[in-house]
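All remarks here apply to the structure that follows.
The values are calculated or read from the model by the stated rules, or taken from the named source; none is laboratory data. Only a predicted model underlies this, so the values are computations on that prediction, with no experimental measurement involved. Backbone-built Cβ (ideal geometry, glycine too); neighbour counts: all protein chains shown.
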Amino acid sequence: MSGRDLSKIVHVERMCFEGDAAWDRRDIRLFLKDKASRILICETGSQLIGFMFYRVGSDSFQLWHVAVHPDYRHQGVATELVNTLAGEMCESKMCRQRITTVVPSSDTSSLRFFDKLGFRAVSIVDGVVTSGDEEAYVMLLDPVREPMYIHRLTRYFREIALE
């Protein structure tokens with residue numbers, strides 16, 4: 001990742017998150033040092049409008065962080081990022097079965113967003129996402145079983161078969 005790309009990510013990150021919740025250059029570099037870590041970027045022209053950090057696990061993708069430039073919110077950018085990840089689930093040799101994420105209980109907008117996409121809370125953990133003792137929900141998306149994704153994945157597999 002170039003220094004220019006990193007600067008764009010940090011800029012959007014600071015617009016989206018406050019204080020310790022915003023990742024800085026060091027946090028991003030540290031995250032990306034892990035070979036399983038990835039970043040998915042959404043741009044229009046040369047402007048970064050959104051991104052998502054995730055890790056590739058043995059049987060799942062772990063979604064760590066999603067950010068969308070404030071001028072582009074509520075236009076489907078975050079939804080498209082998650083849908084792109086769901087579409088990539090079986091692209092690699094080792095098919096991932098699900099996507100997981102952890103959302104603080106106080107982040108009601110993120111909880112509603114992930115619920116709308118078909119994620120379901122499967123457990124509660126303490127102090128994982130924030131520096132305090134705040135509860136957070138471990139949320140799971142199983143696109144193979146979620147009706148809204150079955151059509152997309154079927155279309156995706158047809159497109160792969162045509163190539």
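Of note:
- Any chance Arg38 is assigned to a helix (DSSP H, G or I), surrounded by 13 or more Cβ atoms within 10 Å (Cβ to Cβ) and at pLDDT 90 or above: no
- Set Thr79, Thr84: member being in a helix (DSSP H, G or I), of a type in the set (Val, Ile, Thr), under 15 Å from the mean Cα position of the chain (by Cα) and at pLDDT below 90: Thr84
- Candidate set from region 1-22 (those that are of a type in the set (Asp, Glu) and assigned to a helix (DSSP H, G or I)); member that is modelled with the lowest pLDDT: Asp20
- Region 48-64 - residue that is modelled with pLDDT of 90 or more and touching an Asp or Glu at 6+ places or on another chain (Cβ under 9 Å) and, of those, farthest from Glu80 (Cα to Cα): Arg55
- Number of the exception - Gly132 against (1) modelled with pLDDT of 85 or more; (2) under 26 Å from Gly19 (Cα atoms); (3) exposed (fewer than 12 other Cβ atoms within 10 Å of the Cβ): (1)
- Ile49 falls short of the stated requirement of being without any contact (Cβ under 8 Å) to a residue 40 or more places away in the chain and surrounded by fewer than 17 Cβ atoms within 10 Å (Cβ to Cβ).
- Within region 3-27, residues that are touching a residue at least 24 places away in the same chain (Cβ under 8 Å) sit with their Cβ atoms under 6 Å from residues that are among the small types (Gly, Ala, Ser) and surrounded by 13 or more Cβ atoms within 10 Å (Cβ to Cβ), at 6+ positions apart or across chains, in these pairs: Val12/Ala67; Glu13/Ala22; Glu13/Ala67; Cys16/Ala67.
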